[in-house]
1. Could you give the size of the charge dipole of the chain about its Cα centre, using +1 on the Cβ of each K and R and -1 on the Cβ of each D and E, expressed in debye and rounded to the nearest 20?
2. How high is the relative contact order of the stretch 32-101, in percent, counting Cα pairs under 8 Å that sit 6 or more residues apart?
3. Counting other C-beta atoms within 10 Å, which of His18, His23, His111 has the fewest, and how do the rest follow?
4. Given [x] 43, 35, 26; [y] 40, 34, 30; [z] 35, 34, 29, which label gives Cα extents along the principal axes in Å as computed from the coordinates?
5. Which whole-number percentage describes the relative contact order of the stretch 2-145, with Cα contacts under 8 Å and a sequence gap of 6 or more?
6. DSSP loop (so not H, G, I, E, B), at most 15 other Cβ within 10 Å: list which trypsin sites (Lys or Arg not before Pro) in the stretch 101-151 pass both filters.
7. At a 10 Å Cβ-Cβ cut-off, how would you order Met35, Met58, Met1, fewest neighbours first?
8. Provide the percentage of antiparallel DSSP beta bridges, counting only those with both residues in the chain; round to the nearest 5.
Amino acid sequence: MIRLARPDEAATLRAIVHDAYRHYVPRIGKPPGPMQDDYAARIAAGQAWVREDGGRIMGLLVLEERDDAYLLDNIAVRREGQGRGYGRELLRFAEDAARAAGFQAIVLYTHVLMVENQVLYRRLGYVETGRVTEKGFERVYMRKALAGPAA
């Protein structure tokens, strides 16, 4: 089940993100942006969604509405839940939410050194649209055109 995160779940979201992203710290030399995010604020803004399994949060995503597209700001899955399809379900949910909101595209970014993420997103139909230095990070922006109604 995918649902909006509740205010009392901010610490759980932060813990999942820290666990999912900690192996990138040595690679990029500092904690990635999602590790520094304010999940209580994201929840209060209605931007944080969770994937539950058996009443336990297994993954999350953060979606921001932009002028021309939804921004998938973050997606993370518990380490023990990785490889079980939760991430793909969350991605599909984000794309469906963008369609339902009337957007014809969804955008995301990843760190330039997170090359495995770039490969995965390309495989799922995302196309690189640019590279920028933003908030102290080298980011690769990607976009996926969306067609048809939400599934």
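Readers should treat all values here as calculations from the given coordinates under stated rules, not as data from a laboratory. Remember, predicted model here, so these are calculated numbers, not experimental data. Here the Cβ positions follow ideal geometry from the backbone for every residue, glycine too, while neighbour counts run over all protein chains shown.
1. It works out to roughly 420 debye.
2. Relative contact order of the stretch 32-101: 22 percent.
3. Ordered from fewest to most neighbouring Cβ atoms within 10 Å, His18, His23, His111 come out as His23, His18, His111.
4. [z]
5. Value for the stretch 2-145: 18 percent.
6. Within the stretch 101-151, the qualifying trypsin sites (Lys or Arg not before Pro) (loop, at most 15 other Cβ atoms within 10 Å) are Lys135.
7. Placing the least packed residue first, the sequence is Met1, Met35, Met58.
8. If I count the DSSP bridges inside the chain, around 90 percent turn out antiparallel.
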